[in-house]
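Here's the structure, in structure tokens; my notes come after.
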Amino acid sequence: MDIKMGAEAEKRSGTVQSVERALAILSVLGDDEDGCRLTDVAQRTGLSISTVHRLLTTLEQHRFVQFDRSDGMWHVGRAAFRVGSAFVRQRNFVAPALPVLRRLRDQTRETANLGVVEEGEVVVLTQVESREIMRAITRVGGRAPMVSSGMGKAILATYRENDVDALIRRYGMRKLTEKAITVPSMLKTDLEETRKRGYAFDDEEYVVGLRCVAAVVYNHQAEALCAISISGLAARVTDDRVERLGILVADAARELTGIVGGTMPGANS
């Protein structure tokens with residue numbers, strides 16, 4: 001009876017429960033670079049230990065996860081990495097961006113990032129880490145709301161006002177930190193300042209203690225293709241450095257726009 005009801009529920013929703021559960025497990029493992037114990041995966045997915053073990057074993061057979069018997073930890077496997085890498089390879093601007101990001105890292109001594117928009121959030125596609133001992137905590141694959149992140153606000157500044165309003169209506173403005181902007185009019189003022197100076201500034205709006213300076217990379221139609229940024233601890237990205245960092249990031253974004261065959265807004269006017 002339970003099996004029949006489960007099958008009917010799957011038919012109505014158009015989903016397969018076992019696939020959803022397996023993907024939930026992969027998401028949990030992907031969020032933790034140090035790996036997870038079986039009990040941790042079960043707790044974080046809300047599944048029983050027996051179900052998690054069965055799914056992990058199946059995923060391991062297909063090399064989507066791997067088990068370290070020395071410490072009892074489960075990790076993302078190389079098959080999952082291969083599939084994820086295909087997503088990055090589709091973005092043919094990622095490889096050309098790496099030399100630009102490395103130079104930006106060396107110029108600023110901070111972590112350099114590249115991100116794209118996906119469903120109201122910015123996803124970090126690639127990153128060149130700072131060589132400083134204390135680094136920014138953003139990581140590849142990490143996501144942040146557009147309204148609360150440097151790269152997100154840089155891209156939002158290229159949107160028309162009604163498109164900004166539509167995004168706010170759909171995704172809201174969560175108060176992630178005390179400095180987060182949660183009033184639409186204040187966000188629009190921030191975006192106008194971003195347009196004037198040529199770079200966006202996230203002042204601990206997404207993560208306490210983390211600041212980010214970002215600028216847009218444009219495609220051949222002079223539309224936002226992606227954004228690049230530097231992120232660092234607020235103790236290092238001080239007020240007196242922000243303008244200089246913003247100029248460096250904006251220059252790097254302009255260079256990458258040219259490399260990928262893009263066009264800066266107003267270049268043909």
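Where a number appears in this text, it was derived from the coordinates with a stated rule and is not lab data. Remember, predicted model here, so these are calculated numbers, not experimental data. Note: ideal-geometry Cβ built from the backbone for every residue, glycine included; neighbour counts use all protein chains shown.
Return the sequence-ordered ³J(HN,Hα) values of the range 54-66 in whole Hz as given by the Karplus equation 6.51 cos²θ - 1.76 cosθ + 1.60 applied to θ = phi - 60°, using x for Gly and Pro.
In residue order, the calculated couplings are 5, 5, 5, 4, 5, 5, 5, 4, 9, 6, 7, 9, 9 Hz.
With only alpha-carbon pairs counted, each pair once and no self-pairs, how large is the Kirkwood hydrodynamic radius of the chain in angstroms?
20.4 Å
Taking amide H atoms as placed 1.01 Å from N in the peptide plane, list the residues 5 or more away in sequence, or in a different chain, whose amide H sits under 5 Å from that of Leu225.
Close amide H contacts, sequence-distant or interchain: Val217, Tyr218, Asn219.
List every residue whose amide H lies under 5 Å from the amide H of Val65, counting only residues 5 or more places away in sequence or on a different chain, with H placed 1.01 Å from N in the peptide plane.
Those lying under 5 Å, H to H, from Val65 are Glu60, Gly77.
Lys/Arg Cβ at +1, Asp/Glu Cβ at -1, dipole of the chain taken about the Cα centre: which of Ala215, Ala24, Ile230 is farthest positive-ward?
Result: Ala24, furthest along the dipole toward the positive end.
Spelling out what I want: for every residue of the range 45-51, take phi, set θ = phi - 60°, compute 6.51 cos²θ - 1.76 cosθ + 1.60 (Karplus), and round to whole Hz; glycine and proline get x.
Per-residue couplings from phi come out as 9, x, 9, 6, 4, 5, 5 Hz.
Taking amide H atoms as placed 1.01 Å from N in the peptide plane, list the residues 5 or more away in sequence, or in a different chain, whose amide H sits under 5 Å from that of Met73.
Asp68
Might you report the magnitude of the Cβ-based charge dipole of the chain about its Cα centre, with Lys and Arg at +1 and Asp and Glu at -1, to the nearest 20 debye? Intermediate values should be presented prior to the final figure.
Numbers: 37 positive and 36 negative charges, 103 e Å.
I would put it at about 500 debye.
Helix 94-108 sits at what angle to the longest principal axis of the chain, using alpha carbons and giving 0 to 90 degrees rounded to 10?
Once rounded, one gets 60 degrees.
Please give the helix 239-259 orientation as an angle from the longest Cα principal axis of the chain, in degrees from 0 to 90, rounded to the nearest 10.
Helix 239-259 sits at roughly 80 degrees to that axis.
For the chain, find the longest principal axis of its Cα atoms and tell me its angle to the long axis of helix 78-90, 0 to 90°, nearest 10.
On a 0 to 90 degree scale, this one is about 30.
Per DSSP H run of at least 4 residues, take -39500 (n - 2.57); add these up for the chain, divide by its residues and hand me the 222 nm value, nearest 500 deg cm²/dmol.
Calculated from helices alone, the mean residue ellipticity at 222 nm is -15000 deg cm²/dmol.
Mind counting lysine pairs for me in the chain? Cα separation below 26 Å, and the two need to be 8 or more apart along the chain or on different chains.
Step by step, the pairs that qualify in the chain add up to 9.
Given Gln127, Thr189, Ala95, which one lies farthest toward the positive end of the charge dipole of the chain, if we put +1 on the Cβ of every Lys and Arg and -1 on the Cβ of every Asp and Glu?
The residue sitting farthest along the positive end of the dipole is Ala95.
Using the Karplus curve 6.51 cos²θ - 1.76 cosθ + 1.60 with θ = phi - 60°, what ³J(HN,Hα) values do you get for each residue of the range 220-225, in whole Hz, with x for Gly and Pro?
Karplus-based 3J(HN,Hα) across the range 220-225 equals 5, 9, 6, 10, 4, 8 Hz.
Which shape class, rounded, prolate or oblate, goes with the range 158-269 when its Cα gyration tensor gives a ≥ b ≥ c as root eigenvalues, a/c under 1.5 marks rounded, and past that a/b bigger than b/c marks prolate?
oblate
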